[in-house]
1. Given the peptides 122-129, 200-207, arrange them by the average over their residues of other C-beta atoms within 10 Å, most packed first.
2. Could you give the length gained by full extension between Asp189 and Ile60, i.e. 0.36 nm per residue of separation minus their alpha carbon distance, to one decimal place?
3. May I ask for the net charge around Ala167, where only other residues with Cβ less than 11 Å from the Cβ of Ala167 are counted and Lys, Arg are +1 while Asp, Glu are -1?
4. Using 0.36 nm times the number of residues separating Glu114 and Ser82, minus their current alpha carbon distance, what extension gain do you get?
5. For a Förster distance of 35 Å, can you work out the FRET efficiency between the beta-carbons of His103 and Ser53, rounded to the nearest 0.05?
Amino acid sequence: MITLFLRTLIIYFALLFSIRLMGKRQIGELQVTEFIVTFMLSELATMPIIDKSAPVSYAIVPILLLLSLEVIFSFIISKLPSLKKIFFGSPGVLICRGKIMQHELAKNRIDINELLAELRLKDIADPSDVEYAILEDNGKLSVIKKACASPATPDILSRTVKEPGVAHPIIICGTVSDIGLKMAERSVDWLRTELRRANTSVEDVFLLTVDDLGKTNIIMKDENK
């Protein structure tokens with residue numbers, strides 16, 4: 001039985017790092033761990049069916065172990081956000097402030113034709129109409145149109161259009177995001193000033209974001225409201 005436990009753990013982590021290396025576009029809408037658990041469960045469930053000599057426990061025990069791993073792993077990731085970048089990666093900005101980021105396309109092994117196809121599926125014919133295109137850690141593409149390419153509203157028609165861009169996450173669950181600061185082109189000194197102005201600290205903030213126009217939004221942790 002111990003051998004069965006060890007074999008299940010080895011296969012789980014081997015698949016985890018293998019699929020992680022394959023890149024987000026291979027995963028689709030599932031997180032890496034969800035994809036692995038789904039794949040392994042389907043294999044384990046057929047074991048006692050195909051091999052009549054294999055006890056049912058040889059499938060039940062690994063299945064329970066995998067489900068326990070998924071619950072424990074999700075809990076640990078929620079408490080230690082830094083681990084999420086290691087196992088799931090971080091969002092890749094393919095288009096930033098209207099500019100196609102060629103190095104991010106190459107990093108995620110996505111050619112320009114694939115990007116254009118994804119934009120067309122979102123009813124965007126011209127990439128110049130896109131302010132941000134972000135490849136999320138689950139493999140889905142989030143697209144934010146430029147204000148001038150968005151449907152006109154009475155509010156837009158009555159004023160000069162400015163690009164708010166995207167809300168960059170600066171603090172997530174009490175942890176400062178270096179990537180967020182870099183994308184927002186903000187410094188640590190700026191963050192300290194914002195926290196002093198809000199009379200709070202990094203540890204007490206659930207989420208702090210700032211968009212390209214400088215609009216800051218702070219959500220405190222529930223216990224600190």
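1. Details: 122-129: 12.6, 200-207: 15.9.
In decreasing order of mean packing, 122-129, 200-207 become 200-207, 122-129.
2. Numbers: separation 129, 0.36 × 129 = 46.44 nm, distance 5.39 nm.
Stretched out fully, the Asp189 to Ile60 stretch lengthens by 41.0 nm.
3. Working: positive: Lys215; negative: Asp211, Asp212.
Net charge in that neighbourhood comes out at -1.
4. On the way: separation 32, 0.36 × 32 = 11.52 nm, distance 3.01 nm.
This chain segment gains 8.5 nm when fully extended.
5. On the way: r = 54 Å, r/R0 = 1.53.
Efficiency, rounded to the nearest 0.05: 0.05.
FYI, it's all coordinate maths here, none of it is from the lab. Not measured: the values here are computed from a predicted model. Quick reminder, even Gly has a Cβ in these numbers, built from the backbone with ideal geometry, and neighbours come from all protein chains shown.
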